[in-house]
Amino acid sequence: MPPLSYDARKIAALTTNPGCARRAVLDAAGIDKARLAGRLGATPGAFTQSPFALTRGRAFEALVKANGYAELITLLRAELAAPVEEARVADLAAAEGDRASVRTRARATERLLKRVIAEEDSRLILDHPVLTLEIAGQTAYLEPDALSHRIGDRIHVVVIKSFAAIDGQADPRKTAAAAREAAVHVLALRRTLTGLGASADLVADQFLLVCPKDFSNRPYGRLIDLRQQLDAVEHQLRRLARAEDLAGALDADASLDLSVQGDQGPPVVSDDHLARTVESLDYLYEPGCLDFCELSRHCREKALAAGAPARLGGTVGGDLPGLDHIAVALSLAHGQAEPDEHRREVVERLRAAARLRARCLGRGVAS
Amino acid sequence: MSVLTTYARLRAAEAGRAEPLATVRHVHLAARPFVLIPLALAGEACAPLAALVGAERERPELLIVAEPRDRTQRFAFVADLADRVLPHLDSFTRDTEEYTGRRDGAKRILTRCTEAPQILVPNPGGIAFLRLLGRSTRFRGTEGPHAVPPGVPLLGKWLTWFTDRAEFPGSSQLLAMTEALSVHWATGQSGTEDGNLASLIGWIAPPDGHDGHEAARLAEDPALRPPAGPATDPVFDHTLHELLDRYERAGTDPLRAALRHQLEKQLRSQLAPTWDLMWRGVDLLRSLPPGASVAGRWEFDRTLFTDYAAYLAETGLPQARRDHAVGAARRLARLEDATARYELARAYDDPLVMAEHELAGRAFTGVVIATDPSRMVKGPRSALFRPLVTLRTDALPPRLELGDKVKSPTRRDQPARLLAVRALPDGDAEIDLELEGGLARKRKPPAPPGCVPEPGEELCYTVLDTGHSPLAFPDDEATPWTHGGPPTPYTPTEDDADEAWE
Ligand code: SF4
């Protein structure tokens, strides 16, 4: 089975739980985490997209790009004060689908970018370009929606999303997710350009978000600053380089091979063996994992079994420095055990809380 | 979240059952709440798909849109919804009572409704959806080329008003059930997971033979417990997609009728479990006695409802898209004020909330060990009547300073002052307070019985709000009908009435 390649979403997701080594190693190895979750006996969490959302997303993108990209060009003009002269568009998605065509598109993208750098073709908008990014020894192929032409000597990454901006306000969570993706694209584009001998500054550290305006299908565009996200993504990529080292520290017989013998035969590596390998990777479960990681339900059960207070989320973990087990924290709070010196302070606070609650609820401290 | 809540969550996680965070109910619950569970079509900005509505537990009414992308059908759905909601709102405007309030700079006799409507939705997403629905309908015209049924813009204005009020802590006019429950219970799972109504209720009242962990896991299976909306389960969406497609292509009326029937069945299956959960939530909240200040806050809600209903009957312009700068600043100030008042009132109403302040050293509880009920002290002109009370408490309240004004939630009309704190060898402390009022206007002893606490009484004292009464609300002068309410009214244009809703 070929490893799953990275896409911008996956790379962006890395910045949401940066401390987790398990995820870093699995992603660096290109493991299909949804399938892995299944093999470990957990449901992979709900990451399926509704058919309605897919249809709407495609329809909106088509609308923005219809009639020779009329809408997109209008938005670029309005938001970036682009000169009125006609921009030209190159669509690199002529051949969609298999891996070879992605490579071809990546090469074609690079050729066109060279022309843009040399100012032979500054007015060129790239549609469906493919950028490459080296991550932990593999090449990720990234597909931004579009790259703007050189405006004010900057190229802008364009992200087209189908969530609406109502009275100029889009859902902040969705906007943030779009920004994380855009940051990955900006980074990939910068690396490509510097590889071609151009300056990284050629790529703006803002991106153009295009989404439907109010309750209509009319596109609305806004430039969004990316500096913060860029830092976060760069940091993650540096960490991923180390994920190889982490994986290297695995036992000699560790395996994450999910393949089966023949067509539908028994698995090459037993479920138990897989589970042992996964458990040997340090994890850092937090409730936020439920929103983005296919392994979250598995890790949640492990965190539950381990009695980890962090799974309760919020500030619970932070309120309990040095206490990493719920039952232990409670027995200390109830005076059934005595804390060591460096945990005295937090235990005193817990004991005060226990006393107060017992008094208000008219019950014994530990009952 | 404080250490107190953290501790409660740890206990809940260990016991497999939610822990109380309150000893009284901090929200008002209407005798006849209107439950509204909206469902929206995925991927669209605001495309209603269905709603289960009603004020009677036994009689939920299902409204659906068979072609959710069709503009006419959307308006028909909103008109249907208006036919359910507006008469309900209207039924509260008939019985009124008189009260004295300020208006236009003078004291006047005013009237307000003796009861007001309350809308309950499952979660904050439901409120956000109603806000968008209000935004997309309130500017519509009822005459001219783009005329919609009159109920549509009127419902739009009401929804905007309700969703705006929902942002004010302490207002109970529109509540999200998950949030109302989370104020009163801590579960052994995270706040994110508490956003799922089924799993939250699973923790608070696990079914027989299960603990909270198991109940919550069961509740997470969308096949057993469909999501409480407005987003639908993506797996269900495949079934829905096929049905909607067939409906759109159906050529004959009987076929359409049959498909519509199927659609209704499917959508009802998605909504019915949440309907039951909503009423279980109501039961759970009703099982708590109301806090002392709840009726006062609801009275304020009633007043605002009355005023807005009157405004709609007279002028009735819709709320503007966005507030102008001055209005926005004023609104922010009102929000902050409402938050502070609500937090204060909660602490005074509920020892478990006051415990947060005790933990932070802004309050303490002690037992009266001695009093000097006839103490007189030298004043600037003549001697002052200042009884002395000595309490013993189990910990030194670190944030209190000598001379601080303090008050007790159970003796709200009796200001007191901290005179002395003596640490005892066993870690306890003795605290002297002098009473500065609440003595039945007596200027010298004896004070009538009950005015001065008796030895043996347990009392809590706090520095919180010694300035103004926690129950007072801003007077009408400071709260025009727009209080907590919508931005400046706005006259919709042709374009607004015809705004695309695709
Ligand atoms: S769910 Fe598990 S593997 Fe995924 S990020 Fe969280 S802890 Fe790491």
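Taken together, the values in this text are just the output of simple stated rules run on the coordinates, not laboratory data. Here the structure is a predicted model, which is why all the values come from computation and not from measurement. Cβ coordinates were reconstructed from backbone atoms using ideal geometry, including for glycine residues, and neighbour counts include every protein chain displayed.
Sites listed here are trypsin sites (Lys or Arg not before Pro) in the range A:132-223 whose DSSP assignment is loop and whose Cβ has at most 16 other Cβ atoms within 10 Å, and the list is empty.
Within chain A, DSSP assigns beta bridges of which about 65% are antiparallel (rounded to the nearest 5). Looking at B:209, B:161, B:88, which one has the Cα that reaches farthest to the positive end of the dipole of the range B:3-321 (charges on Cβ: Lys, Arg +1; Asp, Glu -1)? Positive-most Cα among the choices belongs to B:161.
What the pair-distance distribution of chain A shows, using all Cα-Cα distances binned every 10 Å from zero, is 5, 19, 26, 21, 15, 9, 4, 1, 0 percent.
Averaged over residues, the count of other Cβ atoms within 10 Å places the peptides B:20-33, A:49-62 in the sequence B:20-33, A:49-62, highest first. In chain B, a dipole from Cβ-located charges (positive for Lys and Arg, negative for Asp and Glu) runs towards its positive end, and of B:175, B:39, B:393 it is B:393 whose Cα lies farthest in that direction. Each Lys or Arg adds one and each Asp or Glu takes one away; over the other residues whose Cβ falls under 14 Å from the Cβ of residue A:231, this sums to +2. For the protein assembly as shown, the Kirkwood radius over C-alpha pairs fed into Stokes-Einstein at 10 °C and 1.306 mPa s yields D = 51 µm² per second.
Each residue of the range B:457-462 is assigned a 3J(HN,Hα), and the resulting list reads 6, 9, 9, 10, 10, 9 Hz, derived from the Karplus form 6.51 cos²θ - 1.76 cosθ + 1.60 (θ = phi - 60°), x at Gly and Pro. Considering every alpha-carbon pair of the range B:3-321, the percent of pairs per 20 Å bin, from zero through the bin containing the longest distance, is 30, 54, 15, 0.
Taking amide H atoms as placed 1.01 Å from N in the peptide plane, the amide H of residue A:324 has no partner under 5 Å among residues 5 or more positions away or on other chains.
Between residue B:454 and residue A:122, the distance separating the two model label sites (each 7 Å from Cα on the Cα→Cβ line) works out to 9.2 nm.
Note on chain A: dipole from Cβ charges, positive end direction compared against A:14, A:219, A:187; the farthest Cα belongs to A:219. Under the combined filter of DSSP loop state and at most 12 neighbouring Cβ atoms within 10 Å, the range B:74-132 retains these trypsin sites (Lys or Arg not before Pro): B:94. If I take all pairs of Cα atoms in the range A:51-234, what percentage of them are more than 26 Å from each other? Of the Cα pairs, 27 percent sit more than 26 Å apart.
In a simple Cβ point-charge model (Lys, Arg +1; Asp, Glu -1; nothing else charged), the range B:3-321 has a dipole of about 760 debye relative to its Cα centre.
Out of the GluC sites (Glu not before Pro) in the range B:16-65, which ones are loop residues according to DSSP with at most 15 other C-beta atoms within 10 Å? Within the range B:16-65, the qualifying GluC sites (Glu not before Pro) (loop, at most 15 other Cβ atoms within 10 Å) are B:56, B:58.
Computed about the Cα centre, the dipole magnitude for the protein assembly as shown is approximately 1660 debye when only Lys and Arg (+1) and Asp and Glu (-1) carry charge, each at its Cβ.
With the convex hull drawn over the C-alpha atoms of the range B:238-302, the volume per residue is 140 Å³.
For residue A:89, the residues whose modelled amide H falls within less than 5 Å of its own, excluding neighbours fewer than 5 places apart on the same chain, are A:125. Other residues within the sphere of radius under 13 Å centred on the Cβ of residue A:204, judged by their own Cβ, net out at -1 (K and R +1, D and E -1). Per-residue shielding of B:233-241, expressed as the average number of other chain Cβ atoms within 10 Å of the residue Cβ, stands at 4. Students often get this wrong, so check it: of A:33/A:161; A:174/B:157; A:10/A:33; A:33/A:65, which have C-alpha atoms separated by over 22 Å? Exceeds cut-off: A:33/A:161; A:174/B:157; A:33/A:65. Counting Lys and Arg as +1 and Asp and Glu as -1 over every other residue whose Cβ lies under 14 Å from the Cβ of residue B:434, the net charge comes to +3.
Couplings 3J(HN,Hα) of the range B:177-192, computed from phi: 4, 4, 6, 4, 5, 5, 5, 9, 9, 10, 9, x, 10, 7, x, 4 Hz, in residue order, whole Hz [Karplus 6.51 cos²θ - 1.76 cosθ + 1.60, θ = phi - 60°; x for Gly and Pro]. Binning the alpha carbon pair distances of the range B:303-462 at 5 angstrom intervals from zero yields the distribution 2, 8, 13, 16, 14, 10, 8, 7, 6, 6, 5, 4, 1, 0, 0, expressed in whole percent. Legend: mean number of C-beta atoms from other chains within 10 angstrom of residue C-beta atoms, peptide B:342-354, equals 1.
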